[in-house]
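Heads up: the structure comes next, in structure tokens.
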């Protein structure tokens, strides 16, 4: 099948945005439908029901929780509120939004080269100076899927001054199966400068509603809260997030994450079997370190009706999609490799 016939017979398969292949949980979708009857009412500006549900789930005081527009939006709120020091340290190949977030708040990015597919934590600790506003750790790392290990993170945090916040971005936490990777909440309890970011966009399937949360040392909450928008998140997002934390939804979510881990392993095996190098991943995507072939690969995939995320000169990130999308991707890769790409 040629690229032209692929586009003509199938809608585009979007494997570029790290969205879940599963629809919203039925119970959560019903809550959103029911909420349409109250669209004329403002949302709870304190998100009190969601904050209470998260506090109970995480076993922290409500005063430590801040909800907002997904983990990315909250990240910008935090980085802005931690000023005025000018620099933010992060891994050189990490979430593509970090440089934009840092620039938006008038700070300067200090990207630290990776070691393999993951953070070089000793080098990142070396990069922290009296100019450092905060440090960003992405675990699992986007776009490579690599996870940090508990012992190396502890050694890193032991080197960071107590007045330098360390933001642990766990947008993909629910997909992790490696027991050696730390739970951000354990780090939060052990270190007074750790902030944890999580989202309902990925595993929970609420990307369109833009809602996530941060758990912060209480001394940092007030300044961070003042950077947020009034009446945000919206009422439907709040209700959906609360419903996502119920025991029934939690059980169904766990089953979906287990199925996705199986699909991730299958996608990895398929691509490796076709001769591609695939980095080990603990997220809902895989990383192909294609280097200078990244953009040509993505362009050719787009022509075949498959959207992937290209990082010029580095590689390609591919979301774990449906079985049908994986089959289409495999067919495209076979054709592309046969053509010498």
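Values in this text are rule-based calculations from the coordinates and carry no lab data. Given the structure is predicted, the values throughout are model-derived calculations rather than measurements. With ideal geometry, Cβ positions are generated from the backbone for all residues, glycine too; neighbour counts draw on all protein chains shown.
Once you've got the GNM for the chain with C-alpha springs shorter than 10 Å, pick whichever of 16, 27, 281 has the biggest mean-square fluctuation.
Comparing 16, 27, 281 in a Gaussian network model of the chain, the most mobile one is 27.
Would you mind getting me the FRET efficiency between residue 85 and residue 14? Use the beta-carbon distance for r and R0 = 45 Å, nearest 0.05.
It comes out at approximately 0.70.
Most fluctuating residue of 58, 260, 216 in a GNM of the chain with Cα springs under 10 Å: which is it?
Greatest mean-square fluctuation among the candidates belongs to 58.
Please order 204, 191, 42 by the number of other Cβ within 10 Å, starting at the fewest.
42, 191, 204
In percent, how large is the relative contact order of the range 159-288, given Cα pairs closer than 8 Å and 6 or more residues apart?
Result for the range 159-288 is 23 percent.
GNM on the chain, C-alpha springs below 10 Å: top fluctuator among 104, 193, 141?
Greatest mean-square fluctuation among the candidates belongs to 104.
Tell me the mean residue ellipticity at 222 nm calculated for the chain from its helices only (DSSP H runs of n ≥ 4, each -39500 (n - 2.57), averaged over every residue, nearest 500).
-12500 deg cm²/dmol
Neighbour counts of other C-beta atoms within 10 Å: give me 10, 77, 90 arranged from fewest to most.
Listing 10, 77, 90 from fewest to most nearby Cβ atoms yields 10, 77, 90.
Order by neighbour count: 124, 17, 114, fewest other Cβ atoms within 10 Å first, most last.
17, 114, 124
To the nearest 0.05, how large is the calculated FRET efficiency for residue 59 and residue 22 if R₀ is 35 Å and r is the Cβ-Cβ distance?
0.80
Roughly speaking, what is the stretch gain from residue 34 to residue 323, that is 0.36 nm per residue apart minus the C-alpha to C-alpha distance, in nm to one decimal?
Here the answer is 100.9 nm.
Can you report the principal axis dimensions of the range 177-283 using only the alpha carbons, biggest first, rounded to whole angstrom?
In descending order, the Cα extents are 51, 33, 26 Å.
Sort out for me the Cα centre separation of the range 274-341 from the range 151-176, rounded to whole Å.
Distance between centres, Cα-based: 30 Å.
Three principal axis extents, largest first, for the C-alpha atoms of the range 1-107, in Å?
Dimensions of the range 1-107 along the principal axes of its Cα atoms: 56, 44, 30 Å.
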